[in-house]
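*Asks:* So that we are looking at the same thing, I have put the structure below in structure tokens.
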Amino acid sequence: MSLGQLVLYIGIVALVFMGIHLAIGKKMPAKWMSFLQYFTGSLFVFSGWVKAIDPLGTAYKMEQYFAEFEITFQDTWLSFIAPVFPWFSELSIAFSVFMIILEIVLGFMLLIGAFKRFTSWVFFLMILFFTFLTGFTFLTGYVPGGENFFNFSAWQSYDPNNMRVTDCGCFGDFIKLEPKVSFFKDVFLLIPALLFLVFHEKMHSWLESKQQLMGIGVLAFLLLVYSMSNYVWDLPHIDFRPFKEGVNVAERKAIESESMANVQVTAFMLEDLTTGELIEVPYNEYLAGISEKYSKDKYKVQGQVTSKPEVEPTKISDFSFMDQEGNDISADFLTESGKKLLLVGHKVPYTTKMTEVIVFDTLYSVDTVFVEQGDSTSYELVKKIEDVQERTEEKTEYIFKPSFLEKWREAAVTAKNLSDQGVETLALLGGVGSEAIEAFAKQIGATFSIYDADDILLKTIVRSNPGYVAWDGGEIIGKWHYRKVSDEKLQEAFQTK
């Protein structure tokens, strides 16, 4: 669905509300104001609901913003602000749930016209906040890589590849909007926001204050339970992401790879070394004039303009993991037939400390001893201990969170039970090195291989840590939250397929 289609549907819903309003004879001070209430209220309820389905998605997006804000501010005179963003990042899930509930409740308040002045101000401030986020995302397209956002003199022509956060997450994973579109959407919403502030007396109202307050309280509580049910106790009940159940990841990745291979360079972005101006030169024209008109002493290539792929790439294109020798083994995983269980842990909570361990160095002497065997003579090498020296050396000790280890020990038992039925198990962990993986595998008693992978990829695959994903060849046949999985469910999934 496109933004234009969504706006059309929301407009139709607003007109339906208007018709019901007029049909029952409820007071409507100004029809245009009521339409704006119903339109913006419906839009907020919908955009909040698609995010409430997957609160972790919004939390991950906020983590990206907080990380970029920390980098942006730390090299400026506002560097004293930078240290607060890692703290905000730690609270990203709570912040996400709060903002989702606030957005839906605010939409409900606009629909019923509750606490008009207060609602108008909250709506205005929320739109300002959204405009700031989408504006930052869009404007970073003008900032070359390596340059600070506030170094305005270094800004160049807009290039989407420069953007620090490529998607605002306004509608979760339901609709992916280009940052430019998201920004202008929020700028447009500032119009009704300002009108609500100025003309809030003309807003309609459905209920008495006590009824409004009671309705808001009940709605907020139900939304809290609903949001938590989609990440604390279970997976999102609707999966908008590419790694959904029933998708053949192997086939999809092959299609996306072929589509990207067919992308062609249509033009070059050149910087005039004299004026600093960026110009777009068609591919053939640039090649024809490279030695004369567009020589290297006059122009510098800053980028390429390419054709759009026939199939838009998804995170499936990034499905990859390697062994300790750097060999990509994801292709074998996708192409090999058979039932497989993939255990996913996008974040491994642990600390480290240095400990001293005793190491024994043994010195040997080697001698040759001749042995007579009948008429022939042979020799043997005899190794003899001459000395044993004791020394201490420092070793990194990995201390994993006990509750996390317990979850994975249960996963290891499940994997062992499935292996007896011919189901192969392997695990992917995000953001850990080989030493940490080795220590982790030992502590959980893993009988399966564990590999390091990109944490963002793992977050996209399954919204659980750990998460269980059942495969048949390259196809996903089941996904479970660690609180909802059981040996019976896994066995049923593998036997059914």
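The values are calculated or read from the model by the stated rules, or taken from the named source; none is laboratory data. Keep in mind that this is a model prediction, so the values were computed, not measured. Positions of Cβ are generated from backbone atoms using ideal geometry, with glycine treated the same way; all protein chains shown enter the neighbour counts.
*Asks:* Only one residue in F66, F44, F35 is more than 22 Å from the chain's Cα centre (by Cα), surrounded by fewer than 21 Cβ atoms within 10 Å (Cβ to Cβ) and in a helix (DSSP H, G or I). Which one?
*Replies:* Working: F66 fails: more than 22 Å from the chain's Cα centre (by Cα); F44 fails: surrounded by fewer than 21 Cβ atoms within 10 Å (Cβ to Cβ).
Just a single option satisfies the conditions, and that option is F35.
*Asks:* Follow-up question, since we're still on this one. Quick check: is even one residue across the stretch 190-204 within 33 Å of the chain's Cα centre (by Cα), closer than 26 Å to V50 by Cβ and either polar (S, T, N, Q) or buried (at least 17 other Cβ atoms within 10 Å of the Cβ) (or both)? Quick ask: steps written out before the conclusion?
*Replies:* Step one: of the stretch 190-204, the residues within 33 Å of the chain's Cα centre (by Cα) are 190-193.
Applying the additional criterion that residues be closer than 26 Å to V50 by Cβ yields 190-193.
Then keep just the ones that are either polar (S, T, N, Q) or buried (at least 17 other Cβ atoms within 10 Å of the Cβ) (or both); that gives 192-193.
Yes; the residues of the stretch 190-204 include at least one that is within 33 Å of the chain's Cα centre (by Cα), closer than 26 Å to V50 by Cβ and either polar (S, T, N, Q) or buried (at least 17 other Cβ atoms within 10 Å of the Cβ) (or both).
*Asks:* When the stretch 144-185 is examined, which residues are found to be without any contact (Cβ under 8 Å) to a residue 60 or more places away in the chain, under 16 Å from Q64 (Cβ atoms) and buried (at least 16 other Cβ atoms within 10 Å of the Cβ)?
*Replies:* Once the filter is applied, which keeps residues that are without any contact (Cβ under 8 Å) to a residue 60 or more places away in the chain, under 16 Å from Q64 (Cβ atoms) and buried (at least 16 other Cβ atoms within 10 Å of the Cβ), the stretch 144-185 yields N162, M163, K176, P179, S182.
*Asks:* I'd like to verify a number: residues in the stretch 162-203 that are in contact with a Gly (Cβ under 6 Å, 6 or more places away or on another chain) and modelled with pLDDT of 90 or more, how many?
*Replies:* 1
One line per residue, one yes/no per condition, for (1) more than 27 Å from the chain's Cα centre (by Cα); (2) in a loop (DSSP other than H, G, I, E, B); (3) of a type in the set (F, W, Y):
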{"position": "K300", "(1), (2), (3)": "yes, no, no"}
{"position": "G326", "(1), (2), (3)": "no, yes, no"}
{"position": "F333", "(1), (2), (3)": "no, no, yes"}
{"position": "L341", "(1), (2), (3)": "no, no, no"}
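*Asks:* Among I104, I93, which is modelled with pLDDT of 85 or more and either more than 16 Å from the chain's Cα centre (by Cα) or not hydrophobic (A, V, I, L, M, F, W, C) (or both)?
*Replies:* Working: I93 fails: either more than 16 Å from the chain's Cα centre (by Cα) or not hydrophobic (A, V, I, L, M, F, W, C) (or both).
Only one candidate passes the filter, namely I104.
*Asks:* Out of all the residues in the stretch 323-356, which are surrounded by 10 or more Cβ atoms within 10 Å (Cβ to Cβ), among the aliphatic types (A, V, I, L, M) and over 22 Å from V413 (Cβ atoms)?
*Replies:* Hits for the stretch 323-356 are I329, A331, L334.
*Asks:* Does the stretch 205-219 hold any residues that are exposed (fewer than 12 other Cβ atoms within 10 Å of the Cβ) and assigned to a loop (DSSP other than H, G, I, E, B), and which are they? Spell out the reasoning first.
*Replies:* Taking the stretch 205-219 first, the residues exposed (fewer than 12 other Cβ atoms within 10 Å of the Cβ) are 208-210, 217-218.
Once the filter is applied, which keeps residues that are exposed (fewer than 12 other Cβ atoms within 10 Å of the Cβ) and assigned to a loop (DSSP other than H, G, I, E, B), the stretch 205-219 yields only E208.
*Asks:* Let me ask another. Which one of these does E245 not meet: (1) assigned to a loop (DSSP other than H, G, I, E, B); (2) assigned by TED's automatic domain parsing to the domain that holds W121?
*Replies:* (2)
*Asks:* Show the residue pairs that are 6+ apart or on different chains and have beta-carbon atoms under 7 Å apart, the first residue being within the stretch 6-30 and in the same structural domain as L111 (by TED's automatic domain parsing), the second being basic (K, R) and not in a loop (DSSP other than H, G, I, E, B).
*Replies:* P29/K202; A30/K202
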